[in-house]
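Colleague: I'd like to ask you about the structure that follows.
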Amino acid sequence: MVSALAVFFLGTHKIIRELLSIVSLALLTGLLLMRIVSPVSDDFTWQYMPGFFTLSFSLSSFGLLFALIAAISGLLKSFASWGINSKGYHALFHLMMGGLMILLSAGDYISFFLGWEIMTWSSFMLFNNFSSADDPIEKSQDTGFLFITLSLISALLMLGVLFFLYNRTGSMNIADGVAWLHGVKGLPSWIPGLLLMSAFFLKSGLLPFHVWVPGTYREAPHTFTAFLSAALSKVGIYAFILFFLPFSLNEGSGQISYLIAWIGAITATVATFKAIEQNDMKGLLAYSSIGQMAYVFTAMAVGSSLAMGGALFQMVNHSLIKLLLFFIVAGIIERTGKTRFDQLGGLIYKMPFSFIGVLVGIIALAGMPPLSGFYGKWMIYTSLIEKGWLLVLTGIVLPSTAAFIYCYKLIYGIFLGHPTEVNPEEAKEISPRYRVPSGLLMASIVLLGLFPGLILKPVNVLLSDLGMETLALTSQGSLNAASGSVSGFMVMNVFGGVFAVILILLSLFGKKAPTRNLHRLDIAYAGELPTEQTPLHYGRGLGHEVKRVAIAGAIVKRSLTEKYMKIGNQLGGILEHVRGFYPGNGQVSLIMTMVGAAAVALLIGLKG
Amino acid sequence: MLFTIFNSLLAVLLTYSMGMLYYGFYRIGNARIHRRVGPPLWQNVIDNIKLFAKREAPGHGIMFHLGPVIMTAGTITSMLFVPFLKDSAWLQGFSSYGNLILLIYLMVVGPLGNALAVGVSGVPFGVMGVTRGLTRLIGLEVPFFLSVALLMSGSGTISISEIMMAQDSFSNWNMMAHPAAFIVSLFSFVGMMGASPFDVVGAPVEVYSGPQAEFGGKYLGFLAAQRVMFSMVKLILWVDLFLGGATNVFILMAKSFALFFFYFIVGAAFPRFKTEQAVDFMLKLPLIIGIGAVLVRFWSL
Amino acid sequence: MKIDIKGIWGALSSLKYLFQPPGTLRYPDVKKEAADGYRGFHDNDLSKCIGCGMCEDICMNLAIDMVKPKSEAYLNAKNGSGLIPRLDYGRCCWCSLCTDVCPVNSLKLTKNYVYVSEDMNRFIYTPGEEKLGKREKETVK
Amino acid sequence: MDNLNKKDKAQLKELKSPMAVVDWAVNWFRKQSIFMLAYGTGCGAIEIPPTVTARYDAERFGVRGAATPRQADVIVLSGYLAVKTLKRVIRTYEQMQEPKYVIALGSCPINGGMYWDSYNTIKQLDRYLPVDVTVAGCMPRPEAVLEGFMALKDKIQRGEAEGARDYRDNIEKYKNNQKEIFGDKMLPGYTCDWYFSDGGSF
């Protein structure tokens, strides 16, 4: 039934496109909503529907979670991008949705691969054809090329491994392949496992395959970036859970799990320092996405119930936060036309709603209590301590502490400091179509902060489906672990209470010592008199100090993207020599090389 | 509930008076090392009351107003999640609802809230101070987290009370049981207390007083008051975690003063690191000791 | 990694001052005599002053005016002009030219150098006639 | 260290109403804690270090340095003030929070000092800023500076150190005087506009 839904999305969309030929977003949203609501009311059961070929579709509880995230993100995104997109955009978007649904409900290799490819290609065309980058500096061609090349590599790796698995098990069913993967010990299972894992890491943007993420996020249409970050980046996690989760639970796979945990930690570190370096709102959020997803992988590598709960919590949180932040950023870009921190600033009193939105977003993103972001991190940390992986813990504490800097940079660069290129007199609050979904998202972030236990019920269902122990749930307001508990409800109340008391106290002083409302330029500036032209906004430079720290400097200076491009170009050059008759340029040659490599992989797969 | 609220007020008063006393000592001690006489012991209280008695305060809108409030609220909230005493119903605050990881993160809420006010005031020097503070935090948190993680995994619990309870005799104090963790945490401790050589954030000469550049009058009064309370919270946390906790207020004061004296000695004797030097230092020596301790732990198991 | 033992130990050696008496001069209680030849406020021995006005002439800051004293009793017999110098401490820079040039050595610089006033107009004074104490309230009525 | 010395106790006994006691106490706290912004304009800056360091240790009297004008109570102007300097001094003074005090050191702020015929220094500081205490000397020695602080403390305790109020009430006069000096290079409006309105508060 759910796979039918997925197909129905396609159908719906095609009907709209072919018959109505205008995009009626209201109808679309309504349809989406209905389709979202109905599976929720379903029980968490497995459903099969044999299709043509031997396609089998089934939606596990995990698949449902991811489908829900995607659908809700899509719904909010459609609302936010009301009336700004063309027909083709919607067509592609829904094609991608359909691909995603096929992927999430796939029961066999072919449908899995099909969904994967539909999703990848439609999202590629989406961001490439409807790019938001009008800045000539942005290297749009390179970004697209990088994205598609890496996607191709990932797809071919996957194809090879899937063929290999088919060859081994004689069944197209994913479950059989997974069972085989976990059944075989030693090298034969490691190599396909690692190859497959690389494919998934690539989709989620883990090191060293993260290079496509920042450019893509930066150049995708603003609201589509929100969707990319909130929903599409989760596909890698879904696939990882599908193929490898029992693997990391397996006692014998300690080293591999440990390796994955470290990959997560290192990715987070690199991405965080890169994010601090960004001068572009969407670029910063893109790197931050990479970092946040990396925590999820680290948590999944730990593999305990608490860690899985933390991973899922973190993932849901990340979707909420990134939707919120990208929506607001999209709204700001729409209002001001500026994307960089050195162009913005001082908008707080003109855009109070967006300010509060970003504030909620960054508090949750930095993982600070009392909002929801903390509790995901808390579960991950606690599970790491319980597991005894203290060095990994240190490895992820480093980026999550450094994350404070980019969080502060995000809010400072846009709202605080002084206005630079945007005239504050003309600035207006972001439009209501961004405000409504942002408000909903803010409310849910605060609600999850107040009642972190709310997430435990669905998480427990998922955990029992995976055959893991469920997490103890004492009250909606608190989280429990073997080694301690935390009450979000209490934290929020205590903080709020203290805050109120001190605010009242301060206001009492206000009678005796009134606050003088000063002009924006009337600041302690060493006796000097700043003028409107004085560069007082610190938007670009904020975080530059981090670069002088040895480890951060080493990370920031190196660019994997450039290295990849260099390798690609050199490879292309060589190929051009070898195949002089080939008319294409280096980049096309690289693709050809990849195709060749894939064919070899395929052959090996078939033969083996 | 009333008892808890009364206890909270008591905690605030206790930390405030302890803090003022300790920092009074700090100023006199510092003066002696400078070969000066120094101010009277209660000079900090006088300064604080005077700041509240100022007739006006600078303002840059509502967010500027809220910054010190968030800062103070963050301090007091984290104070309420630290148990002051063991084997006692007094001065426990809300510590049964939280744990060490929560506390570490709660301690950052206040400064970040204040950073918003600094940002909105529009003083670039203040923002520079904030960036330095956040950068320094990278260096401080990593060894600190490593040391408390050693403690937490060693005690099998993340609750501060339980870690404190487990240290029933002197040989069981965590500074004896986990000496490496203690040494590593001391580096972070000195940094978190804002002493030299890690005091570049508020360096008056270099960044025009750092984050507090634009605060005056009652705002500065609140910030000064919360600063001493925050220091006391950290001291008490270290007493709880490493020095075996305290069964009554006098033992608490004795132990925390011992720690404070260490902080005073380091802060008074050493010159200042630059930001990146501070982070590099913290990511070298303390981190290496910490990693060594982890490795020893798991090889010996 | 090199650990700078000397740097650590050397810095800690400053702690010895914690146990030594401070080197502070506790000013209002303990006062220190100024060195010989210190140039403090002026004093004019009116029994010697001849009112020649050379101090007024030589002063490059125009800090000295020759004025009539409050009472004739301040004038001695040799004072031909009937005027005595009046100092403006809003001008004086203690260059000591006036005392050097004084032919009868009546104008001198004392070792008293502390004078504080809440009113900026009270820095004009006639040496010999009045004495500058440390606080304006106590001296100028 | 003159915390509640005999003079203070005698004063306290004379007070009748509770409000007077509160005022007296507030003034006492103000005088015991003075955050100083040492504005070293030239030669006089060198007299501040001995005043606050080991030899004379102004911290005994509760005097300590402040980093920014927002935190300072007193601005110590040491010596001659060029027109350019005066602009910064006025800017700094206006940024301080009431109650705020000014101590002027040396001859130059009183009547021009040795720069009496200079084209670009001001001659009488109290035309442009309300000066609370002036210390004679060129430059005054640290003892004299300390006496200046003690005179200021007396004035604060008496409740008469209200230069800030004077400046606020006579802002037109002061601004006109400043305008004579600065001409068309007057401080921009945002620095002092709030003096002419009620300022606004919450």
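Colleague: Tell me the helices (runs of 4 or more DSSP H) entirely within the range D:90-202 that contain at least 2 residues that are closer than 18 Å to D:Y80 by Cα and within 8 Å of chain C (Cβ to nearest Cβ). Walk me through how you get there before you give the answer.
Modeller: Details: elements: D:108-111, D:142-158, D:163-169, D:171-182, D:193-196.
Result: D:108-111, D:142-158.
Colleague: Continuing with the same structure: Can you tell me which residue in the range B:56-80 is farthest from A:K350 (Cα to Cα), limited to those that are in a loop (DSSP other than H, G, I, E, B) and in contact (Cβ under 8 Å) with a residue 60 or more places away in the chain?
Modeller: Just the residues of the range B:56-80 that are in a loop (DSSP other than H, G, I, E, B), to begin with: B:56, B:60-61.
From what is left, the residues that are in contact (Cβ under 8 Å) with a residue 60 or more places away in the chain are B:56, B:60.
Values: B:E56: 26, B:H60: 14 Å.
Among those residues, the one meeting the criterion is B:E56.
Colleague: Need the failing condition index for B:A166 against (1) of a type in the set (G, A, S); (2) farther than 21 Å from B:A246 by Cα; (3) without any contact (Cβ under 8 Å) to a residue 12 or more places away in the chain, just the number.
Modeller: (2)
Colleague: Taking the range D:96-117, which residues are of a type outside the set (D, E) and without any contact (Cβ under 8 Å) to a residue 12 or more places away in the chain? Even if it seems obvious, please write down each step before you answer.
Modeller: Quick first cut of the range D:96-117, residues of a type outside the set (D, E) only: D:96-97, D:99-116.
Across the range D:96-117, the qualifying residue is only D:W116.
Colleague: Could you tell me whether A:V501 is in the same structural domain as A:D280 (by TED's automatic domain parsing), part of a helix (DSSP H, G or I) and not acidic (D, E)? It would help to see each step written out before you state the result.
Modeller: Values: in the same structural domain as A:D280 (by TED's automatic domain parsing): yes; part of a helix (DSSP H, G or I): yes; not acidic (D, E): yes.
Spelling it out, A:V501 is indeed in the same structural domain as A:D280 (by TED's automatic domain parsing), part of a helix (DSSP H, G or I) and not acidic (D, E).
Colleague: Quickly run through the range A:338-381 and pick out the residues that are aromatic (F, W, Y) and in contact with an Asp or Glu (Cβ under 7 Å, 6 or more places away or on another chain). Let's see the steps before the verdict.
Modeller: Taking the range A:338-381 as the starting set, the residues that turn out to be aromatic (F, W, Y) are A:341, A:349, A:353, A:355, A:374-375, A:378, A:381.
The answer is A:F353, and nothing else.
Colleague: For A:I321, state whether it is closer than 27 Å to A:F201 by Cα, of a type in the set (A, V, I, L, M) and at pLDDT 90 or above. Spell out how you get there, then give the answer.
Modeller: Details: closer than 27 Å to A:F201 by Cα: yes; of a type in the set (A, V, I, L, M): yes; at pLDDT 90 or above: yes.
Criteria met by A:I321.
Colleague: Considering only residues of the range D:11-57 that are among the small types (G, A, S) and touching a helix residue (DSSP H, G or I) at 6+ places or on another chain (Cβ under 6 Å), which is farthest from the other protein chains (Cβ to nearest Cβ)? Write out each step before concluding.
Modeller: Restricting attention to the range D:11-57, the residues satisfying the condition of being among the small types (G, A, S) are D:17, D:20, D:25, D:33, D:38, D:40, D:42, D:44-45, D:54.
Among the residues that remain, those that are also touching a helix residue (DSSP H, G or I) at 6+ places or on another chain (Cβ under 6 Å) are: D:33, D:38.
Values: D:S33: 4, D:A38: 12 Å.
Looking at residues that are among the small types (G, A, S) and touching a helix residue (DSSP H, G or I) at 6+ places or on another chain (Cβ under 6 Å), I get D:A38.
Colleague: Inside the range B:99-110, can you point out the residues that are touching a residue at least 60 places away in the same chain (Cβ under 8 Å) and more than 7 Å from chain A (Cβ to nearest Cβ)?
Modeller: Let us first name the residues in the range B:99-110 that are touching a residue at least 60 places away in the same chain (Cβ under 8 Å), namely B:99-100, B:103, B:107, B:110.
Hits for the range B:99-110 are B:L100, B:L103, B:M107, B:G110.
Colleague: Determine, yes or no, whether A:L508 is within 14 Å of chain D (Cβ to nearest Cβ), modelled with pLDDT of 85 or more and either within 30 Å of D:Q97 (Cα to Cα) or out of contact with any His (no Cβ under 9 Å at 6 or more places or on another chain) (or both). Can you show your working first?
Modeller: Numbers: within 14 Å of chain D (Cβ to nearest Cβ): yes; modelled with pLDDT of 85 or more: no; either within 30 Å of D:Q97 (Cα to Cα) or out of contact with any His (no Cβ under 9 Å at 6 or more places or on another chain) (or both): yes.
For A:L508, the condition - within 14 Å of chain D (Cβ to nearest Cβ), modelled with pLDDT of 85 or more and either within 30 Å of D:Q97 (Cα to Cα) or out of contact with any His (no Cβ under 9 Å at 6 or more places or on another chain) (or both) - is not met.
Colleague: For the range B:56-98, which residues satisfy the criterion of being at the interface with another protein chain (Cβ under 7 Å from one of its Cβ atoms) and among the hydroxyl-bearing types (S, T, Y)?
Modeller: Hits for the range B:56-98 are B:T72, B:T77, B:Y97.
Colleague: Let me ask something else. Do the conditions hold for C:K31, that is, is it surrounded by fewer than 18 Cβ atoms within 10 Å (Cβ to Cβ), within 11 Å of another protein chain (Cβ to nearest Cβ) and touching an Asp or Glu at 6+ places or on another chain (Cβ under 8 Å)? Lay out the reasoning, then the answer.
Modeller: Working: surrounded by fewer than 18 Cβ atoms within 10 Å (Cβ to Cβ): yes; within 11 Å of another protein chain (Cβ to nearest Cβ): yes; touching an Asp or Glu at 6+ places or on another chain (Cβ under 8 Å): yes.
For C:K31, the condition - surrounded by fewer than 18 Cβ atoms within 10 Å (Cβ to Cβ), within 11 Å of another protein chain (Cβ to nearest Cβ) and touching an Asp or Glu at 6+ places or on another chain (Cβ under 8 Å) - is met.
Each row is one residue, and each column tells you yes or no for (1) of a type in the set (V, I, T); (2) surrounded by 24 or more Cβ atoms within 10 Å (Cβ to Cβ); (3) free of Cβ contacts under 8 Å to residues at least 12 places away in the same chain.
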| residue | (1), (2), (3) |
| --- | --- |
| A:K377 | no, yes, no |
| A:Y381 | no, yes, no |
| A:I385 | yes, yes, no |
| A:V392 | yes, no, no |
| A:G395 | no, no, no |
| A:I405 | yes, yes, no |
| A:K409 | no, yes, no |
| A:Y412 | no, yes, no |
| A:G417 | no, yes, no |
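Conditions tested, residue by residue: (1) under 15 Å from B:V82 (Cβ atoms); (2) in contact with an Asp or Glu (Cβ under 9 Å, 6 or more places away or on another chain); (3) basic (K, R).
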residue	(1), (2), (3)
B:K234	yes, no, yes
B:F242	yes, no, no
B:A246	yes, yes, no
B:I251	no, no, no
B:S256	yes, no, no
B:F270	no, no, no
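Colleague: Ok, one more. Specify the residue that is surrounded by the fewest Cβ atoms within 10 Å (Cβ to Cβ); the eligible residues are those in the range A:513-539 that are more than 10 Å from chain D (Cβ to nearest Cβ), touching a helix residue (DSSP H, G or I) at 6+ places or on another chain (Cβ under 9 Å) and not hydrophobic (A, V, I, L, M, F, W, C).
Modeller: A:P535
Colleague: Scanning for something closer than 30 Å to A:P352 by Cβ, of a type outside the set (V, I, T) and either away from every other protein chain (no Cβ under 14 Å) or in a helix (DSSP H, G or I) (or both), does the range A:454-474 turn up at least one residue?
Modeller: Taking the range A:454-474 as the starting set, the residues that turn out to be closer than 30 Å to A:P352 by Cβ are A:454-455.
Now restrict to residues that are of a type outside the set (V, I, T): A:454.
Restricting the remaining residues to those that are either away from every other protein chain (no Cβ under 14 Å) or in a helix (DSSP H, G or I) (or both) gives A:454.
Checking the range A:454-474: at least one residue is closer than 30 Å to A:P352 by Cβ, of a type outside the set (V, I, T) and either away from every other protein chain (no Cβ under 14 Å) or in a helix (DSSP H, G or I) (or both).
Colleague: Then there is this: Would you pick out the residues in the range B:119-138 that are within 8 Å of another protein chain (Cβ to nearest Cβ), out of contact with any Phe, Trp or Tyr (no Cβ under 6 Å at 6 or more places or on another chain) and part of a helix (DSSP H, G or I)? Even if it seems obvious, please write down each step before you answer.
Modeller: Applying the first criterion (within 8 Å of another protein chain (Cβ to nearest Cβ)) to the range B:119-138 yields B:119-125, B:127-128, B:130-132, B:134-135, B:137-138.
Subset that is out of contact with any Phe, Trp or Tyr (no Cβ under 6 Å at 6 or more places or on another chain): B:122-123, B:128, B:130-132, B:135, B:137-138.
Answer for the range B:119-138, where residues must be within 8 Å of another protein chain (Cβ to nearest Cβ), out of contact with any Phe, Trp or Tyr (no Cβ under 6 Å at 6 or more places or on another chain) and part of a helix (DSSP H, G or I): B:M128, B:V130, B:T131, B:R132, B:T135, B:L137, B:I138.
Colleague: Check whether at least one residue in the range D:78-95 is among the polar types (S, T, N, Q) and free of Cβ contacts under 8 Å to residues at least 24 places away in the same chain, and report yes or no. Give the steps one after another, and end with the answer.
Modeller: Initial filter on the range D:78-95 (among the polar types (S, T, N, Q)): D:78, D:85, D:92, D:95.
Subsequent filtering for residues that are free of Cβ contacts under 8 Å to residues at least 24 places away in the same chain retains none.
No, that holds for no residue.
Colleague: Can you give me the number of residues within the range D:76-122 that are acidic (D, E) and either buried (at least 22 other Cβ atoms within 10 Å of the Cβ) or under 13 Å from the mean Cα position of the chain (by Cα) (or both)? Can you show your working first?
Modeller: Applying the first criterion (acidic (D, E)) to the range D:76-122 yields D:94, D:98, D:117.
Filter again for either buried (at least 22 other Cβ atoms within 10 Å of the Cβ) or under 13 Å from the mean Cα position of the chain (by Cα) (or both), leaving D:94, D:98.
Number of matching residues: 2.
Colleague: Would you mind telling me which numbered condition in (1) crowded, with 21+ Cβ neighbours inside 10 Å; (2) touching a strand residue (DSSP E or B) at 6+ places or on another chain (Cβ under 8 Å); (3) within 14 Å of chain D (Cβ to nearest Cβ) A:G488 fails?
Modeller: Failed condition: (3).
Colleague: Further question on the same structure: I need a count of the residues in the range B:272-301 that are touching a Pro at 6+ places or on another chain (Cβ under 6 Å) and either without any contact (Cβ under 8 Å) to a residue 40 or more places away in the chain or more than 14 Å from chain A (Cβ to nearest Cβ) (or both). Break it down stepwise before answering.
Modeller: Here is the first cut: in the range B:272-301, the residues touching a Pro at 6+ places or on another chain (Cβ under 6 Å) are B:272-273, B:282, B:286-287, B:290.
Next cut, either without any contact (Cβ under 8 Å) to a residue 40 or more places away in the chain or more than 14 Å from chain A (Cβ to nearest Cβ) (or both) only: B:272.
Going through the range B:272-301 one residue at a time, the tally reaches 1.
Colleague: Quick check on C:C52: is it modelled with pLDDT of 90 or more, buried (at least 18 other Cβ atoms within 10 Å of the Cβ), assigned to a loop (DSSP other than H, G, I, E, B) and more than 14 Å from chain D (Cβ to nearest Cβ)? Outline the logic, then answer.
Modeller: Numbers: modelled with pLDDT of 90 or more: yes; buried (at least 18 other Cβ atoms within 10 Å of the Cβ): yes; assigned to a loop (DSSP other than H, G, I, E, B): yes; more than 14 Å from chain D (Cβ to nearest Cβ): yes.
Taking the combined requirement at face value, the residue satisfies it.
Colleague: Sticking with this one: If you scan the range A:314-352, which residues turn out to be crowded, with 24+ Cβ neighbours inside 10 Å and in contact with a strand residue (DSSP E or B) (Cβ under 9 Å, 6 or more places away or on another chain)?
Modeller: Residue satisfying the conditions is A:F341 alone.
Colleague: For the range A:368-407, give me each residue that is assigned to a loop (DSSP other than H, G, I, E, B) and more than 7 Å from chain B (Cβ to nearest Cβ).
Modeller: As a first pass, look at the range A:368-407 and keep what is assigned to a loop (DSSP other than H, G, I, E, B): A:368-372, A:388-389.
Within the range A:368-407, A:P370, A:L371, A:S372, A:W389 meet the criteria.
Colleague: Can you tell me which residue is modelled with the lowest pLDDT among those in the range C:112-141 that are within 11 Å of chain D (Cβ to nearest Cβ) and closer than 9 Å to C:H42 by Cα?
Modeller: Of everything passing the filter in the range C:112-141, C:L132 is modelled with the lowest pLDDT.
Colleague: Right, another one. Scanning for something of a type in the set (S, T, N, Q), surrounded by fewer than 20 Cβ atoms within 10 Å (Cβ to Cβ), without any contact (Cβ under 8 Å) to a residue 24 or more places away in the chain and touching a helix residue (DSSP H, G or I) at 6+ places or on another chain (Cβ under 7 Å), does the range A:468-482 turn up at least one residue? Can you show your working first?
Modeller: Narrowing the range A:468-482 to residues of a type in the set (S, T, N, Q): A:470, A:474-476, A:478, A:480.
Retained after the next criterion (residues that are surrounded by fewer than 20 Cβ atoms within 10 Å (Cβ to Cβ)): A:470, A:474-476, A:480.
From what is left, the residues that are without any contact (Cβ under 8 Å) to a residue 24 or more places away in the chain are A:474-475, A:480.
From the residues that got through so far, the ones that are touching a helix residue (DSSP H, G or I) at 6+ places or on another chain (Cβ under 7 Å) too are A:475.
Yes, the range A:468-482 has at least one match.
The values are calculated or read from the model by the stated rules, or taken from the named source; none is laboratory data. Bear in mind that the values here come from a model prediction, so they are computed numbers and not experimental data. Counting neighbours? That spans all protein chains shown, and the Cβs are built from the backbone with ideal geometry, glycine included.
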